[in-house]
Amino acid sequence: MNLKYYQKEYECMPLEELRNLQGERLAKNFRHVYENVEYYRKRCEEAGITPDDIKGLDDLDKIPFTCKDDLRQTYPYGLFAVPMSQVVRIHASSGTTGKQIVVGYTQEDLEIWNDCTARQLVAIGCDENDIAQNAYGYGLFTGGFGVHGGATKLGIQVIPISSGNTQRQITFMQDLKSTILFCTPSYAAYLGETLHEMGLSPEDIHLKAGIFGAEPWTEEMRRDIEKSLGLKAYDIYGLTEVMGPGVAFECSEQKGMHVNEDHFIIETIDPETGKRLPDGEKGELVFTALTKQAFPLMRFRTKDIGVLNRAPCACGRTFVRMTKPMGRTDDMLIIRGVNVFPSQVETVLLQKGYSPNYQIIVGRENNNDTFEIRVEMTADKFSDVVAEINRQEKDLENALLSVLQIKAKVKLVAPKSIARSEGKAKRVIDTRKLHD
């Protein structure tokens with residue numbers, strides 16, 4: 001077997017050396033955060049923890065968790081650990097309220113991010129002879145820039161086409177001979193369908209591999225994408241708060257995602273008690289940044305549920321593997337790669353004078369997410385004039401788009417027509433089959 005690595009000395013590091021490296025980096029980066037982030041230092045002081053208490057991995061449990069609420073309370077720059085003059089890039093993702101989660105990167109942070117995504121490209125057999133079509137969105141979303149940097153570092157030619165304009169995407173695949181595709185899995189599936197509708201087959205394009213992330217997808221969907229586009233489909237994991245895509249990646253074995261453990265510590269915890277769980281048990285994933293400088297979160301609770309596997313991988317990498325996320329401990333939805341919280345919908349409805357009686361209905365048609373919000377009209381807004389209802393629906397759609405950064409179809413319904421619940425209201429109906 002011809003195994004190739006981007007940074008073999010780290011990717012195949014003996015476990016004892018890896019643990020020592022993580023311990024040294026943990027102690028150093030915890031001190032960096034403690035000394036430079038006032039908000040987090042106060043948290044540590046309340047817990048009676050100082051940098052002298054953190055000498056290695058065995059001290060990890062002493063470190064207080066960070067969660068989404070901390071990011072909301074310190075918006076926008078309160079958790080940054082370097083002066084803004086050293087920050088060269090800002091990214092953001094949707095938060096639980098109207099405020100976004102804002103993160104920053106130093107130049108060195110970006111180089112590390114590029115290394116992390118470059119590792120996956122090498123792991124799946126890519127090199128400078130490849131041409132990558134990047135159909136992730138570019139902008140505040142981390143997807144497009146995240147994989148772009150790793151590909152560029154390897155000398156891969158990148159086509160920054162971004163998402164949308166599907167027929168042009170396929171024309172470019174034919175004419176520019178793209179060999180790698182980057183996008184969300186649902187968009188990859190849609191590209192496969194469009195290829196077929198155009199009377200073309202996988203033999204008419206040149207793709208050999210695809211790296212698909214930013215939303216949940218099943219093994220069945222993987223097989224469909226591989227068949228419709230004639231490639232091998234690989235998973236990638238990341239989240240804006242920790243870095244972006246490349247925190248963990250699938251190798252050629254496709255048996256779980258290797259966490260880049262020289263840059264991140266991963267734990268699974270019991271979401272109720274916060275206690276660490278042994279490998280192999282399902283729990284909430286928690287990440288600690290070991291090398292990030294601008295925005296280095298300590299023990300960040302992701303709300304993603306997963307399982308860790310330390311059995312040796314046939315690829316030779318010693319990094320632990322994590323499963324695809326198996327669900328979440330909060331009510332966040334991922335729709336077309338965008339984080340959507342019901343609380344955001346509720347905020348917009350209340351601002352617009354509607355009652356908070358609504359239902360979010362998410363489905364999947366032709367491997368694309370559908371997103372509809374049914375909203376009860378209030379007595380003063382009730383109308384049986386179709387044109388007036390359409391106007392109100394469009395107004396709400398525009399208001400929701402500006403907060404959610406994704407288009408939802410709004411359907412206004414009669415007052416008191418959405419079922420009430422004695423217990424917790426069932427606000428979300430999600431009919432997608434996201435896990436096997």
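Checked against the criterion of being over 30 Å from residue 127 (Cβ atoms), in contact (Cβ under 8 Å) with a residue 12 or more places away in the chain and surrounded by fewer than 16 Cβ atoms within 10 Å (Cβ to Cβ), the candidates 64, 83, 51 yield just one match: 64. Can you pull out every residue in the range 149-183 that is of a type outside the set (Gly, Ala, Ser), closer than 20 Å to residue 337 by Cβ and either open to solvent by 10 Å² or more (accessible area, probe 1.4 Å) or touching a residue at least 40 places away in the same chain (Cβ under 8 Å) (or both)? Scanning the range 149-183 gives 158, 159, 160, 161, 165, 166, 168, 180, 181, 182, 183.
Sort out which residues of the range 110-145 are among the aromatic types (Phe, Trp, Tyr), in a loop (DSSP other than H, G, I, E, B) and open to solvent by 20 Å² or more (accessible area, probe 1.4 Å), and write them in order of number. Within the range 110-145, 138, 141 qualify.
If the condition is being over 19 Å from residue 80 (Cα atoms) and of a type in the set (A, V, I, L, M, F, W, C), then the range 241-292 contributes 247, 248, 249, 251, 257, 259, 265, 266, 269, 277, 285, 286.
Could you tell me whether residue 433 is touching a residue at least 12 places away in the same chain (Cβ under 8 Å), outside any strand (DSSP E or B) and within 30 Å of the chain's Cα centre (by Cα)? Taking the combined requirement at face value, the residue satisfies it. Of the residues making up the range 199-250, those that are in a strand (DSSP E or B) and more than 17 Å from residue 135 (Cα to Cα) are 248, 249, 250.
In the condition set (1) under 23 Å from residue 268 (Cβ atoms); (2) among the acidic types (Asp, Glu); (3) surrounded by fewer than 14 Cβ atoms within 10 Å (Cβ to Cβ), residue 35 is compliant with all but (1). Take residue 186 and tell me if it is farther than 27 Å from residue 5 by Cα, assigned to a loop (DSSP other than H, G, I, E, B) and open to solvent by less than 40 Å² (accessible area, probe 1.4 Å). No: the conditions fail for residue 186.
The set of residues in the range 352-403 that are outside any loop (DSSP other than H, G, I, E, B), in contact with a helix residue (DSSP H, G or I) (Cβ under 7 Å, 6 or more places away or on another chain), of a type outside the set (Ser, Thr, Tyr) and crowded, with 17+ Cβ neighbours inside 10 Å comprises 360, 369, 373, 375, 400, 403. What residue, among those in the range 14-55 that are outside any helix (DSSP H, G or I) and touching a Leu at 6+ places or on another chain (Cβ under 7 Å), is farthest from residue 71 (Cα to Cα)? Only one residue tops the list, namely 54.
Taking the criterion of being open to solvent by 40 Å² or more (accessible area, probe 1.4 Å), at pLDDT 95 or above and either within 25 Å of the chain's Cα centre (by Cα) or of a type in the set (A, V, I, L, M) (or both), the only residue of the range 201-225 that qualifies is 208.
May I ask you to list the residues in the range 258-278 that are open to solvent by 20 Å² or more (accessible area, probe 1.4 Å), outside any strand (DSSP E or B) and at pLDDT 95 or above? Let's see the steps before the verdict.
Of the residues in the range 258-278, the ones open to solvent by 20 Å² or more (accessible area, probe 1.4 Å) are 270-273, 275-278.
Of the ones still in play, those that are also outside any strand (DSSP E or B) are 270-273, 275, 277-278.
If the condition is that a residue be open to solvent by 20 Å² or more (accessible area, probe 1.4 Å), outside any strand (DSSP E or B) and at pLDDT 95 or above, then 270, 273, 275, 277, 278 are the ones that fit.
The values are calculated or read from the model by the stated rules, or taken from the named source; none is laboratory data. From a predicted model like this one, the values you see are computed outputs, not experimental measurements. Cβ atoms come from the backbone with ideal geometry, glycine included; neighbour counts cover every protein chain shown. The area values use the complete protein model at the heavy-atom level, side chains included, leaving out ligands, DNA and RNA. Shrake-Rupley method; radii C 1.70, N 1.55, O 1.52, S 1.80 Å.
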